[in-house]
C-alpha cells in the first residue's frame, strides 16, 4: 500500500514494487495519474489497485483500508509517502499552509499507520515505511514547519516501533536528501541553485532502497535510513 502514489517517490515505489511481483494498492488524489501508474505497475509484472482519496482525511484512509482488505485480505507493507513541503519564513508563513503540511505529513501517516497495525496484527506482522527527510535531523531557515513535521514523524515512528515490536511489525524511517522530483513549493532561486550544484538522487534510488528494506528477512529491521547524494553536504 502506497500513499502519495501518483508521482515522485510514491510513484517510484509503486513501480519498483510491481517489478518485484507485488500486489500494489495505490492511493492519491488525482485519478488520472493513479490510472497511469496502475497501468505501468501491471505492465512491469505486478498487480495494481488504485483508490482516489486525500491522505489528510481520516475517512478516506479508512475507505482505503476497507477496500484493500476486502479485495486482498491483508496489508503486508504500508509506505506513507504522501507529503508536501512549502517554503516560507515563520514570520511570513501562512497558517493555512502550515495546516496542510501538518495534516498531510503527520496526521495522514498517523491514521494510516494505526489501521495498518490493526490489519498486520491479524495476519502475523508486516512493515510500515514512513518517508521522512534529511530535514528531520537539522533545522533549516525557511523550512521550520516542514522541519517540525519530519522531526515529529521520526519521533512517532520510534514510539510506534516500540509499541509493535512484539507483533512482528517493522517500522522503517527513510530520510532522503536532495531528490529530483520537482518537490517543494515556493523555493527561492538560491536554494534551487544549491540543489542543482550536486548530482541529486532519482526517485528510483529512494524507491529501490525502500523495497530493499521492506524485503529483508522478518528478523531484520533497518529502522532508520539516511540516503543523500554523495556530494550533498547536509
Multiply the residue separation of residue 43 and residue 212 by 0.36 nm, subtract the distance between their alpha-carbon atoms, and state the gained length in nm to one decimal. 58.7 nm
Is segment 127-229 rounded, prolate or oblate when judged by the Cα gyration tensor, a ≥ b ≥ c being the square roots of its eigenvalues, rounded requiring a/c under 1.5 and prolate requiring a/b larger than b/c? oblate
Modelling each spin label as a point 7 Å along the Cα-to-Cβ direction, I'd like the residue 36/residue 67 distance in nm, to one decimal. 1.9
Principal-axis tilt of helix 8-19 within the chain, Cα atoms, nearest 10 degrees: 30
If I fit a long axis through the Cα atoms of helix 58-72 and take the longest principal axis of the Cα atoms of the chain, what angle between them do I get, 0 to 90°, rounded to 10? 40
Sum of -39500 (n - 2.57) over DSSP H runs of 4+, divided by residues of the chain (222 nm, nearest 500): -14000 deg cm²/dmol
Can you tell me the orientation of helix 203-214 relative to the chain, as the angle in degrees between its alpha-carbon axis and the longest Cα principal axis, to the nearest 10? 40
Order by neighbour count: 166, 138, fewest other Cβ atoms within 10 Å first, most last. 166, 138
Residue 20 versus residue 227, label points 7 Å from Cα toward the beta carbon: distance in nm? 1.1
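Since every read-out is calculated from the coordinates, none of them should be taken as a lab result. None of the values given here were measured: they were computed from a predicted structure. As a convention, Cβ positions derive from the backbone with ideal geometry for all residues, glycine included, and neighbour counts pool all protein chains shown.
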